[in-house]
There are 2 protein chains.
Amino acid sequence: MKIFIAQQNYHIGNFELNTQKIIEAIKTAKAAGGDLILFSEMTVSGYPARDFVEFEDFIEKCTAAVHIIKEHADNIGVLIGSPVKNKHLKGKDLFNAAYFLYEKEVKAIIHKTLLPTYDVFDEYRYFEPAYEWNIVEFKGKKLAITICEDIWNLGDNPLYRICPMDELMKFNPDIMLNLSASPFDYTHDEDRKAVIKSNVLKYKIPLFYCNAVGSQTEIVFDGASLVFDKDANLMKAFPMFEEAIDWVELNDDGLMNGPILEPASRIPEKELNPATLDPQLNIEQVYQALVSGIKDYFGKMGFTKAILGSSGGIDSAVTLALACDALGAENVRAILMPSPYSTNHSVNDAVTLSKNLHNPYDIVQIDQVYNSFLETLQPLFNGLPFSLAEENIQSRSRGNILMAIANKFGYVLLNTSNKSELATGYGTLYGDMAGGLGVLGDCYKLQVYELARFINRTTEIIPHNIISKPPSAELRPNQKDSDSLPDYAVLDKLLFQYIEKLQSPANIKDQGFDAALVDRTIKMVNNNEYKRNQFCPIIRISPKAFGVGRRMPIVGKYLS
Amino acid sequence: MKIFIAQQNYHIGNFELNTQKIIEAIKTAKAAGGDLILFSEMTVSGYPARDFVEFEDFIEKCTAAVHIIKEHADNIGVLIGSPVKNKHLKGKDLFNAAYFLYEKEVKAIIHKTLLPTYDVFDEYRYFEPAYEWNIVEFKGKKLAITICEDIWNLGDNPLYRICPMDELMKFNPDIMLNLSASPFDYTHDEDRKAVIKSNVLKYKIPLFYCNAVGSQTEIVFDGASLVFDKDANLMKAFPMFEEAIDWVELNDDGLMNGPILEPASRIPEKELNPATLDPQLNIEQVYQALVSGIKDYFGKMGFTKAILGSSGGIDSAVTLALACDALGAENVRAILMPSPYSTNHSVNDAVTLSKNLHNPYDIVQIDQVYNSFLETLQPLFNGLPFSLAEENIQSRSRGNILMAIANKFGYVLLNTSNKSELATGYGTLYGDMAGGLGVLGDCYKLQVYELARFINRTTEIIPHNIISKPPSAELRPNQKDSDSLPDYAVLDKLLFQYIEKLQSPANIKDQGFDAALVDRTIKMVNNNEYKRNQFCPIIRISPKAFGVGRRMPIVGKYLS
């Protein structure tokens, strides 16, 4: 049996585009004699469609798309994902479903059982979980069809009381097929391979896993679809971060033709109690995820050109390099806005950077704007000493100049704030926190340096001086980040324990961090929820990014 | 049996304050010879604690608070709410629970069954639903204890497949007790009374319902706790929007001493298929909810003083009046910032308003700042004609001036945008969309006028001219909202059908709206998701507010 997998990048709610892509893939598979083609979760609508699925009209459009696609599923079996109405009176209105199409008919509809409702996921908000299970018969084989999370409970996942594959095994299936939309984070690639393999080892039948690819606002889907034979040998590994269609010939014995990419013995199994040690960051994957995030945000919003403030600091340098890669250097305009407190070095470094990247840049002085604010406010400020208010005015003057140019010429402003700053509230609302997309908002400062070194891996694109000088906001004479914040080497590790690991102050202190610093830092994190609440979407690369996956009360009084 | 209800306003995560409040109420009830005291849902932590509950430390603090409170539950039964650990290995880590405390012991822990996961609610994100039920015996009576949503499925709620009160009735309980944290919207007061009464009619035993009061960022809890005797006569109705403690003497026959406030026959029952007609807006309730929202946002964030831009328009006038009521006029500073395109009338109206309200105000000219932006940008703008970019510069100049004064003196900036503007994207990011709290962001323009008339019900506080003149942003000569937007009388109704009623374009057109207008308006709503995504929290008064209860994809391509 020749089984195809189509790893595609959908646009949420763009039924015309998605349907066309799906039909193209079916045609390719048919032309190559495919028996069956497997797509990712929520194929027709894109994932996550969020509250769009609460519109009846949206669901009708999904169903209409399925029926258009059905006409192409004549002599090939097609597995696509779509929301589907719950016809029973009780329970949520919808199921997260897979349609099995064949002979131009809907042969079966399979419902998802395990509905992730944590971090960035809200599936129980919309969907009723499956409470009945069955296999699908196709060309003499019994197919066990599951959707994403359904194969992530191997009996050891404390989130769920049901294991849908255990239920399906009662029907003695021959093949497992899984439709996924499983987002990237820097821990995910290894986890995924281990979990898929563990399913094969447990159930002893081959598994075809199709994952979505491409970014949807903040969430990056990395593809990397997989095929394992019944002995848990890896037979096919799709690329990360790009579309692909490929196939495997499955024999009756559950083995497959073609070379074994990785024998079962070489792939680690899923650990039942994974260590809580920090994973090794694969910086190339992070880089690709960020490029994908920028590219798809612009592509799907219908924009082509970006603008950003280039300060001569590391964050804007890395953002600029990423944007030039994602959008083409000619489409990324850097604005250098030195203030009275900027060093000459900063401007020179920023100029060199843009020359290295070949992107257009302008120098705009903010003095006149800054001074006009001070003069206008003078009667009210009444001689009070220079304070944070004046620093913020500088930052907002820059933000306004960037937004004005963006509005005038149709650019999207890229934000350059990093995760360490966002965590501690070290940023100005409507100033350096302005922008349409937070490129580095899920990267701690030290990870930004890692990205810089990766960008410079073959040639010096980011000037050495930008990497080596001490970080500064340059909002008052000789200012350094270290005046207000602890050393990033300490701060980032502390933040990681609180934000990613949800550790208590006591636990973090037990790890050797200074007690007063722990209390002060956590207080900064919790007191700045109101600022992050107004921040733009952040490209997610970690298992716990600020934004949609981390939902904190603003008026809370916990550790604050 | 003398049963007390304590309707209180908790602060999320402020265990010290909450515990102290709870103990005070217990002492009051004990001093008056109470047998039992009922509190609201998630008493010790405040509701909704959101992702705070994912911290083990937070749950330990909840448990510690329960054990402190337990020591006061000696000769009185105490029912309080708290998250509690799920001791089984499978399912989510926590239950949303009620503790029954008596004789200084934890006599029972009751788990919530129906976990609202829609609109502003995320309970399935954190909690495992109950799957076993039992009653609690107390002084010869059998108590059926439920939590909030548990009594909102009368067998007809399509969201759920279980009816927990049906399960509890198998044990022949004598009394229903419900701990709630059920948020206000302008449809809720009538609904609540009808649902509570319908439970009594169905199960034929008395019901004690305790609801939380006070605002938590965007969500307003309105209290209005209720007691019904077994014949569904209303025996006690707590006030809305304020704390209260009160009691009822329950007789063995299920009836109660004291006057009947409303006989069963006069209270409508819950309609099984409620009409989809718009509810009659109770503008006084909306007004009170907004005042509560402002007051608690400031109180719980630890702020006392507000600032806002007073333009001489209706939105800022109503916001200013609400803020003066909530915070005291002396704590609300209005900044009048006429531009070259403002009429003299606007300034005069704004001055009269502040004189009527007795709040401090200043006039700040924005010309110099605006011109300095234009001059600074002149080399880049290069003679291009006046456009939206210049309008936005004016709006952002104002936003920056307000933020600068706020930063200098410790004010919180109140935002004055209304729901019609936010829906259509008729506002400037970082300009008039700046602020810490969106006071009117859930009120359509016509509802803002209703509020103005309510504010003026006894004397003219908002000058007549502000109410009668055509709305304008005054960002270019003779500008009117109606240049860019349809008439609010049409627009608001259309938006209501799409946003609150989730109607399709076809359905809205069938109601008689102009077809092109429907398409254009819905497109505006969907294309401006990116702007609303960066907006501050909005005090919620409708069943579908922008913000946490409405989650749309930003890169989506549905009806856009």
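Throughout, read-outs are computed from the coordinates displayed, never taken from laboratory work. Predicted, not measured: the structure shown is a model, and the values here were computed from it. Positions of Cβ are backbone-derived with ideal geometry, glycine not excepted, and every protein chain shown enters the neighbour counts.
Neighbours of B:Pro259 by Cβ distance under 15 Å: Lys/Arg scored +1, Asp/Glu scored -1, total -3.
Working from Cα pairs under 8 Å separated by at least six residues, relative contact order for the stretch A:2-266 is 18 percent. As I understand it, the value is the acute angle between the Cα axis of helix B:515-527 and the longest principal axis of the Cα atoms of chain B; what does it come to in degrees, rounded to 10? Result, in degrees: 80. If only the Cβ of Lys and Arg carry +1 and only the Cβ of Asp and Glu carry -1, the dipole of the stretch A:2-266 around its Cα centre is close to 640 debye. Rounded to whole numbers, the Karplus 3J(HN,Hα) couplings from phi for the stretch B:406-421 are 4, 5, 5, 10, x, 8, 9, 7, 8, 8, 10, 5, 9, 5, 5, 5 Hz, using 6.51 cos²θ - 1.76 cosθ + 1.60 with θ = phi - 60°, and x at Gly and Pro.
Applying Stokes-Einstein at 37 °C and 0.692 mPa s to the Kirkwood radius of the stretch B:283-480, computed over alpha-carbon pairs, gives a translational diffusion coefficient of 193 µm² s⁻¹.
Under 16 Å from a label point 7 Å along Cα→Cβ of B:Ser387: give me every residue in the stretch A:412-438 with its amide N that close. Residues A:412-413 fall inside that zone. For the segment B:160-167, counting C-beta atoms of other chains within 10 Å of every residue's C-beta and taking the mean gives 2. With label points defined 7 Å past Cα in the direction of Cβ, position B:Lys85 shows copy-to-copy spacings of 4.6 nm, given to one decimal and shortest first.
For the stretch A:2-266, the square roots of the Cα gyration tensor eigenvalues, ordered a ≥ b ≥ c, give a/c below 1.5, which places it in the rounded category.
Compactness of the protein assembly as shown, taken as the C-alpha radius of gyration over 2.2 N^0.38 Å, stands at 0.95. Angle of helix A:15-31 to the longest C-alpha principal axis of chain A, folded into 0 to 90 degrees and rounded to 10: 50°. Where does helix B:344-357 land angle-wise versus the long Cα axis of chain B, in degrees 0 to 90, nearest 10? Rounded to the nearest ten degrees, it is 30. Summary for A:Ala264: label point 7 Å along Cα→Cβ; distances to the equivalent points in the other copies, ascending, 6.7 nm. Considering only Cα atoms, the convex hull volume of the stretch B:332-445 works out to 123 Å³ per residue.
Pop out the Kirkwood hydrodynamic radius of chain A from its pairwise C-alpha distances, inverse of mean 1/r, in Å to one decimal.
This gives a value of 25.4 Å.
A simple packing score, the average count of other Cβ atoms within 10 Å per residue, orders the peptides B:229-241, A:506-518 as B:229-241, A:506-518, with the highest score first. Between A:Glu243 and A:Arg457, the modelled label-to-label distance comes to 2.6 nm, taking each label 7 Å out from Cα in the direction of the beta carbon. Charged neighbours of A:Lys523, selected by a Cβ distance under 13 Å, balance to 0 (K, R count +1; D, E count -1). A simple packing score, the average count of other Cβ atoms within 10 Å per residue, orders the peptides A:180-188, B:260-268, B:466-474, B:546-554 as A:180-188, B:546-554, B:466-474, B:260-268, with the highest score first. Dividing the summed helix terms, -39500 (n - 2.57) for each DSSP H run of n ≥ 4, by the number of residues in the protein assembly as shown produces a 222 nm estimate of -11000 deg cm²/dmol to the nearest 500.
Sorting B:Thr113, A:Thr352, A:Thr217, A:Thr63 from the fewest to the most surrounding beta carbons within 10 angstrom yields A:Thr63, A:Thr352, B:Thr113, A:Thr217.
Potential lengthening of the chain between A:Leu380 and A:Ser265 amounts to 34.1 nm, from the contour at 0.36 nm per residue minus the alpha-carbon distance.
May I ask you to derive the FRET efficiency for B:Glu137 and B:Glu56 from their Cβ-Cβ distance with R0 = 25 Å, giving the value to the nearest 0.05? That pair, B:Glu137 with B:Glu56, gives E of 0.15. Between B:Glu284 and B:Asp166, the simple spin-label model (points 7 angstrom out along Cα→Cβ) gives 4.0 nm. In this Cβ point-charge picture (+1 for Lys and Arg, -1 for Asp and Glu), the protein assembly as shown has a dipole of about 80 debye about its Cα centre.
Legend: mean number of C-beta atoms from other chains within 10 angstrom of residue C-beta atoms, peptide B:429-438, equals 4. Over chain A, Cα pairs under 8 Å with separation of 6+ residues give a relative contact order of 11 percent. Averaged over the residues of B:368-381, the number of partner chain Cβ atoms lying within 10 Å of the residue Cβ comes to 6. A:Lys104 label point (Cα plus 7 Å toward Cβ) to equivalent points in the other copies: 8.1 nm, shortest first.
Mean sequence separation of contacting Cα pairs (under 8 Å, at least six apart), scaled by the length of the stretch B:154-226, corresponds to a relative contact order of 33 percent. Spin-label model, B:Lys90/A:Leu255: points 7 Å from Cα along the beta carbon direction are separated by 3.6 nm. Computed from the C-beta positions of A:Phe409 and A:Ala506 and an R0 of 51 Å, the FRET efficiency is 0.45 to the nearest 0.05. Between B:Val136, B:Gly214, B:Ala65, whose Cα lies farthest towards the positive end of the dipole of the stretch B:2-266 when Lys and Arg beta carbons carry +1 and Asp and Glu beta carbons carry -1, centred on the Cα centre? Towards the positive end, the residue furthest out is B:Val136.
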